[in-house]
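Note sheet for the following structure.
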Amino acid sequence: MLDNTHQLIALSLYHKEVFGKFDQGNPVLVDVARRMERTPGSVAMKLSNLASLDARLAARGIKGLSGASALDRAVWNEFHAQHDALAPESEALLAELLTGDADSAIEVQPEAITVLRAPAGPTESTASVKVRRGQRYFRQAVLNAYNGRCAVTGLGIRDLLVASHNLS
């Protein structure tokens, strides 16, 4: 069984990885499992058990594994009830696991995790923007749900894609 920190990290991965990629050979799961001192198979199984709790998958006729525990259900329900607070927390826990710094910017792609680094050399920019907490989490979840492509145009250049909430 995973502790609560690992449960939140698993939920972060769950929402960023494509359902069909919950495999013990997935390089992302292999890396995370190694850092959590778990087997890649146990992490893949955890994600597949979480899939059994996902109403969006069930609506599409997709089932996860049937081994979700009472703790899985409780953490799943709490995570989705308090998504605005727990999604950024899960993102920070994953970043800390991968880099040692909860504030590191990371991007989970279907086959790799990238640590985003500032460009070297002189750069400057002045901007005043309002940034929604958890936006990186949301962006990665949306991009990975559409295989890194725009849902409308099919454009696959991640740097040019913007994930936005529908405000209607």
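Quick notes on this one:
- Segment 18-67: number of residues that are assigned to a loop (DSSP other than H, G, I, E, B) and touching a helix residue (DSSP H, G or I) at 6+ places or on another chain (Cβ under 9 Å): 17
- Candidate set from segment 53-70 (those that are surrounded by 14 or more Cβ atoms within 10 Å (Cβ to Cβ) and of a type in the set (A, V, I, L, M)); member that is farthest from residue 20 (Cα to Cα): 68
- Selection of first residues in segment 44-55 that are over 13 Å from residue 74 (Cα atoms) and of second residues that are crowded, with 19+ Cβ neighbours inside 10 Å and of a type in the set (S, T, N, Q), restricted to Cβ pairs under 9 Å at least 6 apart or on distinct chains, gives the following pairs, ordered by first then second residue: 44/26; 46/7.
- Boolean, residue 162 is part of a strand (DSSP E or B) and either more than 19 Å from residue 19 (Cα to Cα) or modelled with pLDDT of 85 or more (or both): no
- Residues considered: 139, 73. Of these, the only one that is farther than 18 Å from residue 6 by Cβ, surrounded by 13 or more Cβ atoms within 10 Å (Cβ to Cβ) and either among the polar types (S, T, N, Q) or touching a residue at least 12 places away in the same chain (Cβ under 8 Å) (or both) is 139.
- Residue in segment 16-23 that is exposed (fewer than 14 other Cβ atoms within 10 Å of the Cβ) and of a type in the set (Lys, Arg) present: no
- Restricting segment 86-102 to residues that are hydrophobic (A, V, I, L, M, F, W, C) and free of Cβ contacts under 8 Å to residues at least 24 places away in the same chain, the residue that is surrounded by the fewest Cβ atoms within 10 Å (Cβ to Cβ): 102
- Some residue of segment 117-129 being in contact with a helix residue (DSSP H, G or I) (Cβ under 9 Å, 6 or more places away or on another chain), in a loop (DSSP other than H, G, I, E, B) and free of Cβ contacts under 8 Å to residues at least 24 places away in the same chain: no
The values are calculated or read from the model by the stated rules, or taken from the named source; none is laboratory data. Note that this is a predicted model, so its numbers are computed, not measured. In this analysis, Cβ positions are derived from the backbone assuming ideal geometry, glycine residues included, and neighbour counts consider all displayed protein chains.
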